[in-house]
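What follows is calculated from the coordinates using simple rules that are stated; it is not laboratory data. On a predicted model such as this, the values are computed, not experimentally measured, just so you know. In this analysis, Cβ positions are derived from the backbone assuming ideal geometry, glycine residues included, and neighbour counts consider all displayed protein chains.
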Amino acid sequence: MSEGVVASGRTVEEAIDRALVMLGATDDEVEVQILSEEGAGLERGEAKVRVRLRDERTEEDLALARESGTEFESPAAPASPLAAEELEDQAEAAEEFLHGLIEAMDLDASVSTALTSHGALLELTGEELGLLIGRRGSTLEALQEVTRAAVQRRVGQRAWVNLDIEGYRARRRVIVERKARSMAARVRRSGRPQELEPMSAYERKIVHDSLADFRGVSTSSDGEGQERHVVISPA
């Protein structure tokens, strides 16, 4: 099982709510460990919890996953066609936009930038940033699109910019992959199709890629707009 995430709040309930936002999960999908309760000597009297997503796979499922080599990397993103100088300009424009946003919202956060073969990756780190992540990353997705639009207006070309907040995307990718494989194992045992919750196109691709070589199941997408989701069916 993963280490999950650690979150704090004025009460245990508030800390759990923040962790659920970070994980993009509901309370029936997780296990909670209370590390410290409010008033237990922490600074500002905060409570602290560790929250992990439940893994429903059996030992047989885990063995089959290892045998099938289902340790998947993140979905392949298209390589950026930009020269290094152009990508640096886009990263600078994105960083300036995000600094302005942070200042306007009076947030205590910093911006770090990395240049990869897929574009510029900017990450916000700081306290109380769950608001910018939103449920299942919906606000983060919107903020990324706004940042791309701002960059595109400034440089006059497609923005090859990706945004993360407190490592949310990396954690969420692991969670989606694990949940997809757990659900696929359930489908294989029961012989009945299962629907996953609505997901962004990025997360649906994670599911499809994660289960491409999972024996005994197939995947498809169904639904429209924000209700579009993945269906896992017996092969």
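Computed packing ranks the peptides 129-135, 26-32 as 129-135, 26-32, most packed first, by mean other Cβ atoms within 10 Å. For the range 84-168, the dipole from Cβ point charges (+1 on Lys and Arg, -1 on Asp and Glu) about the Cα centre works out to 500 debye, to the nearest 20. Qualifying GluC sites (Glu not before Pro) in the range 94-202, where qualification requires a DSSP coil assignment and no more than 11 other C-beta atoms within 10 Å, comprise Glu127, Glu128.
Between Asp28 and Glu86, full extension at 0.36 nm per residue minus the direct alpha carbon distance yields a gain of 16.3 nm.
Near the amide H of Gly119, within less than 5 Å, lie the amide hydrogens of Ser80, all on another chain or at least 5 residues away, with H placed in the peptide plane.
List residues of the range 163-178, by number, whose backbone nitrogen lies under 16 Å from a label position 7 Å along Cα→C-beta of Ala114. Taking a point 7 Å out along Cα→Cβ of Ala114, the residues of the range 163-178 whose backbone N falls under 16 Å are 163-174.
Would you kindly give the portion of the calculated P(r) for the range 84-168 that falls above 14 Å, as a percent of all Cα pairs? I get 59 percent for the Cα pairs in the range 84-168 exceeding 14 Å. You can think of it this way: the chain between Glu145 and Gln194 has 14.6 nm of extra reach, that is 0.36 nm per residue less the Cα-Cα gap.
Rounded to the nearest Hz, the phi-derived 3J(HN,Hα) couplings of the range 142-156 under the Karplus curve 6.51 cos²θ - 1.76 cosθ + 1.60 (θ = phi - 60°) are 5, 5, 5, 5, 5, 5, 4, 5, 5, 5, 4, 4, 6, 9, x, where x marks glycine and proline. Applied to the range 216-223, the Karplus parametrisation 6.51 cos²θ - 1.76 cosθ + 1.60 on θ = phi - 60° returns per-residue 3J(HN,Hα) values of x, 9, 9, 10, 8, 9, 9, x Hz, with x for Gly and Pro.
Residues whose amide H lies under 5 Å from that of Ser218, counting only those 5 or more places away or on a different chain, are Ser233, Ala235; hydrogens are built 1.01 Å from N in the peptide plane.
In loop segments of the range 173-230 as defined by DSSP, the trypsin sites (Lys or Arg not before Pro) with at most 16 further C-beta atoms inside 10 Å of their C-beta are Arg215, Arg228.
Calculate, in nm to one decimal, what Leu35 and Ala104 gain on full extension: separation in residues at 0.36 nm each, minus their alpha carbon distance.
That works out to 21.4 nm of additional length.
Shown is the FRET efficiency for Glu14 and Ser138, computed with R0 = 30 Å from the Cβ-Cβ distance and rounded to the nearest 0.05: 0.90.
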